[in-house]
Amino acid sequence: MAEASRLRALHNALAVRPGEPVPFDDLISTVWPEAPPANPRAALRNLVRRLRRAHEVVTEPLGYRLVVRPPGPSQLPADLPDFVGRGEELRRAHGSDAGVLAVTGPPGVGKTSFAVHLAHLLRAEFPDGQLHVNLRAFSPGDQVPPEQALARFLRALGAEHVPVDLDAQTIRFRELTRNRRVLLVIDNATRDQLRPLLPDSPTCRVIVTSRTDLPEHEQIRLGVFDEHEAHALLDNMRIAGGHRDRAELIRLCANLPLALRIAGANLADRYLPDYVSELRGDDRLGALQIEGDAAVNATFDLSYRAQPVVAQRLFRLLALVSGQDFSVEGATALLGEDATEPLGQLVEANLVQRSHNRHSLHDLLRIYAKHLGAEATARTRLFSYYLVNAEAAARTLNREFFRLDLPELPDDLPRHDLESESAAVAWLDAERANIVAAIQQAGPDPVAWLLTDMLRGHFHFQAHHVDWFAAARAGLRAAQQARQPIPQAVMHGSLGLAHWSTGNLADAGEEYGKALDILRVHRDERVMTSLLINSGIVNWELGRLRASAQLLGEALEMSPDNPAILFNLGGVHLDLGPLSASAAHVMRALKIAEEQDLLVGRILALNAVVEVHQLRGDYDLAEEYLARADELRAHAPPGLVRRIPGLDSHAVLAFVRGRTEEALDLALQSLEHAQEAHSTKDECDAYDTLGEIHRALGDIDKAMSAHNEALAISLKNGYLRGEVNALAGLAADHHAAGELSEALKVALRARERAREGEMRVRGVRTFVVLARVQRSIGDHAAADETARAGRELAAETECRFYDHFS
């Protein structure tokens, strides 16, 4: 069977059970039905690597899982049913094969309408999806940074992990769009905003709108309508009247499509000569200047004044919306009463645009509404609407998380039914961009840090790191401006968790240190408990074990039945010893998590129990608890639990049972999964296990390569446990290669780093290796002393995992 046929067979086999893992043996028998290759697992891995160029395939404990692509994202705004004109420009666009088509021109000429209409005409050619973003480069308020736009694109394309760094995002975006037919509409962009958002694939196409020229791309410049196009638009809108009056209307609207549409909507029940006379009046032409065009302002002004009083008030209030769109419920929050009818009136008057169930204002109309002025207090209602629903969603998704208390909020705010996990995630996804914008624009208002705190769990478990950093930094600024110490500590803690979540331990430790410094002066036990836990975790991973145990012990005194504290204390003793203390803590954490039905807590505790039994040499118990953890992970709701499947524990247990070839395959899968999940800690551990297995199989070069990779990752991320393990592994590799002087140097370094970081359990391994090297060198006295000290440490820590001393 040719390679292309095998790829098709593999894809088809995975697609039979979309979203579920397909066992390795089933895949092998499907791809090689007659005669599998000599090393079928390795051949399957190589084939999966090729398949990943076009599809996302995830490594699971017992097989591979094809990430089911949802139907290609369809994010295009609604097309105008009465689009007219631009025939020549559309012909040029259809005849172009440019990867990027720039639609440029002054405001109000219909750049967005043209781009969206063209995209709808082309959409059938792009079955893998149509993406849309309004970067708001020329709008009042904050622009959308490329990082946030790319994060949304990646999510829409089905990425399970979204990097924080812009360069990494760009790379991932180009990987996901490679060999896929995706159409992008990027609205209101500058050159700098646009550059990172461009796919690097000839199968994709970009339509971008901008008020500035983009000569590096093929451009279609739009101007105001000519007379024929303007009259055609009035015909489409059924505007009756004599030619002279219609021509006068077109002139007074400066031939601007946006102004003509608004005027046309206003004329539905009015006599054209009267309207033209009113539009021409001196009291209108001096009205609000927008973009320096009084004629356009006059059109807006007449349309606005023709609306009922409630609709007028709502229009003014919509200038307060922080994000680029809003829901009926958001408008209701602003208005203080049901906004359905007045919002519909504004849509009919073309003062508000509607796309599906979301609404927005054109840039010029937003500026106009802002000039009209609105009671700023209404924005407080909008922010309160976000807050009350964000808190409800957080309570559904992460009820075990500590959160700041909310102030008393109005009873008449729109409240969504967010009691199901799917509804909570859907609402947060729909409003997340608006909430982050609200946080950034709130100034010293408490809502800035309260909203950030409510979304912490969603940011963490859905990996919305770009939005998280933006929100937490704005929340911290707000708390500092308001001189509120407790919220400042909470925001430092949120930043610390964000850094920890992205593997940046040093910055995480710094943020937690700042938070705790504040809390030592301004005591708040609930906040203190939460931050002591997270600070303890960071210190643990940085190798500051006694400091970690002290922090977690302090937290346990404040909250003795907190499963998170118990779990992490167990983790510290997993390195510090004794292992019986670790077992006691994690088993108690597991019991509480089961009593409280905390899914995430149960999985984490089971993982820790597996590792404790593994290090104590109780391999039967380790396998029993690992099976329980695997079953929970397999049935966990997508997105709510980090799917780290325990492959490294599977590999280690197979290895100690003597199933070395099976262990090798599991270790390679573990490495794949860690890399797919961008989990540097798990990648480091997987490389270490892989190195041990390669050495046992006699492949010293591969063992050294794996341990060097583990060492590089651990040093880069400040992961001391990984550093100690990698150094011990490298020392054993050099010993096996007969390079005794190098082995001695590295083994001594491993023991030194274990002592410096109080890695007592891992230190047993360094004594094992060092004693063997010393004995091979012929320094039997030193070997005897090292072995004696190692036996004492093994007894103190209760670690029976590593080989016996000789």
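The values are calculated or read from the model by the stated rules, or taken from the named source; none is laboratory data. Bear in mind the structure is a predicted one, so any value in this text is a computation, not a measurement. Using ideal geometry, Cβ is built from the backbone for each residue, glycine included, and neighbour counts are taken over all protein chains shown.
Here are a few things to note about the model shown:
- Per-region count, segment 376-411, residues out of contact with any Gly (no Cβ under 8 Å at 6 or more places or on another chain), small (Gly, Ala, Ser) and closer than 16 Å to GLN462 by Cβ: 2
- Options ALA331, ALA374, ALA319, ALA369; residue that is in contact with a Lys or Arg (Cβ under 7 Å, 6 or more places away or on another chain) and buried (at least 23 other Cβ atoms within 10 Å of the Cβ): ALA369
- Scanning segment 386-406 for residues that are more than 19 Å from THR529 (Cα to Cα) and acidic (Asp, Glu) yields a count of 1.
- Scan of segment 693-721 for residues that are of a type in the set (A, V, I, L, M), more than 24 Å from GLY543 (Cα to Cα) and surrounded by fewer than 17 Cβ atoms within 10 Å (Cβ to Cβ), ordered by number: ALA696, LEU697
- Some residue of segment 518-529 being at pLDDT 90 or above, outside any loop (DSSP other than H, G, I, E, B) and either under 24 Å from ILE603 (Cβ atoms) or among the small types (Gly, Ala, Ser) (or both): yes
- For segment 138-147, the count of residues that are touching a Leu at 6+ places or on another chain (Cβ under 9 Å), under 30 Å from TYR368 (Cβ atoms) and β-branched (Val, Ile, Thr) is at least one.
- Qualifying residue in segment 136-143 (condition: closer than 18 Å to GLN462 by Cα and of a type outside the set (S, T, N, Q)): no
- ARG526 meets all of the listed conditions (1) buried (at least 19 other Cβ atoms within 10 Å of the Cβ); (2) farther than 27 Å from GLU723 by Cβ; (3) in contact (Cβ under 8 Å) with a residue 40 or more places away in the chain but one, namely (1).
- Tallying residues that are crowded, with 18+ Cβ neighbours inside 10 Å and assigned to a loop (DSSP other than H, G, I, E, B) within segment 427-443 yields 1.
- Of the helices (runs of 4 or more DSSP H) that lie entirely inside segment 324-426, those containing 1 or more residues that are in contact (Cβ under 8 Å) with a residue 60 or more places away in the chain and aromatic (Phe, Trp, Tyr) span 363-372, 377-397.
- Complete set of residues in segment 498-518 that are within 22 Å of LEU455 (Cβ to Cβ) and either surrounded by fewer than 22 Cβ atoms within 10 Å (Cβ to Cβ) or of a type in the set (A, V, I, L, M) (or both): ALA498, TRP500, SER501, THR502, GLY503, ASN504, ASP507, ALA508, LYS514, ALA515, ILE518
- Residue list for segment 453-508, filter: assigned to a helix (DSSP H, G or I), farther than 19 Å from TYR386 by Cβ and charged (D, E, K, R): ASP507
- Single residue of ARG633, ARG546 found to be within 25 Å of the chain's Cα centre (by Cα), assigned to a helix (DSSP H, G or I) and closer than 26 Å to CYS684 by Cβ: ARG633
- Residues that are under 17 Å from LEU668 (Cβ atoms) and surrounded by 18 or more Cβ atoms within 10 Å (Cβ to Cβ) within segment 11-39 comprise PRO21, PHE24, LEU27, ILE28, listed in sequence order.
- Check on LEU574, over 29 Å from the mean Cα position of the chain (by Cα), hydrophobic (A, V, I, L, M, F, W, C), at pLDDT 95 or above and outside the structural domain of ALA754 (by TED's automatic domain parsing): no
- Residue among LEU455, LEU351, LEU450 that is surrounded by 16 or more Cβ atoms within 10 Å (Cβ to Cβ) and over 21 Å from the mean Cα position of the chain (by Cα): LEU351
- Scanning segment 653-669 turns up no residue that is part of a loop (DSSP other than H, G, I, E, B) and at pLDDT below 85.
- Contacts under 7 angstrom Cβ, first residue in segment 208-236 being under 10 Å from VAL84 (Cα atoms), partner surrounded by fewer than 18 Cβ atoms within 10 Å (Cβ to Cβ) and not aromatic (Phe, Trp, Tyr), 6 or more apart: ASN236/ASP82
- Of the residues LEU76, LEU101, LEU118, the single one that is assigned to a loop (DSSP other than H, G, I, E, B) and closer than 28 Å to GLU216 by Cα is LEU76.
Listed here are the residues, each with its yes/no results for (1) closer than 25 Å to VAL321 by Cβ; (2) out of contact with any Gly (no Cβ under 8 Å at 6 or more places or on another chain); (3) of a type outside the set (Val, Ile, Thr).
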position: HIS132; (1), (2), (3): yes, yes, yes
position: ARG136; (1), (2), (3): yes, yes, yes
position: GLU147; (1), (2), (3): yes, yes, yes
position: ASP165; (1), (2), (3): no, yes, yes
position: ALA168; (1), (2), (3): no, yes, yes
position: ILE171; (1), (2), (3): no, yes, no
position: ARG178; (1), (2), (3): no, yes, yes
position: ARG181; (1), (2), (3): no, yes, yes
position: VAL185; (1), (2), (3): yes, yes, no
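- Given (1) closer than 19 Å to GLU375 by Cα; (2) at pLDDT below 90, number of the condition GLY336 does not satisfy: (2)
- Members of segment 121-138 that are part of a loop (DSSP other than H, G, I, E, B), touching a Ser or Thr at 6+ places or on another chain (Cβ under 9 Å) and under 24 Å from ARG180 (Cα atoms): PHE126, ASP128, GLY129, LEU135
- Residue satisfying all of: in segment 290-323; farther than 28 Å from GLY443 by Cβ, assigned to a helix (DSSP H, G or I) and not hydrophobic (A, V, I, L, M, F, W, C); modelled with the lowest pLDDT among these: THR299
- Residue match in segment 782-790 (condition: crowded, with 17+ Cβ neighbours inside 10 Å, part of a helix (DSSP H, G or I), under 39 Å from the mean Cα position of the chain (by Cα) and of a type outside the set (Phe, Trp, Tyr)): no
- Only one entry of GLU56, GLU89 meets the criterion of being in contact with a strand residue (DSSP E or B) (Cβ under 9 Å, 6 or more places away or on another chain) and under 23 Å from ARG261 (Cβ atoms), and that entry is GLU89.
Per-residue answers, yes or no, for (1) surrounded by 24 or more Cβ atoms within 10 Å (Cβ to Cβ); (2) under 25 Å from HIS161 (Cα atoms); (3) among the basic types (Lys, Arg):
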| residue | (1), (2), (3) |
| --- | --- |
| GLY493 | yes, yes, no |
| GLY496 | yes, yes, no |
| GLY536 | yes, no, no |
| SER559 | no, no, no |
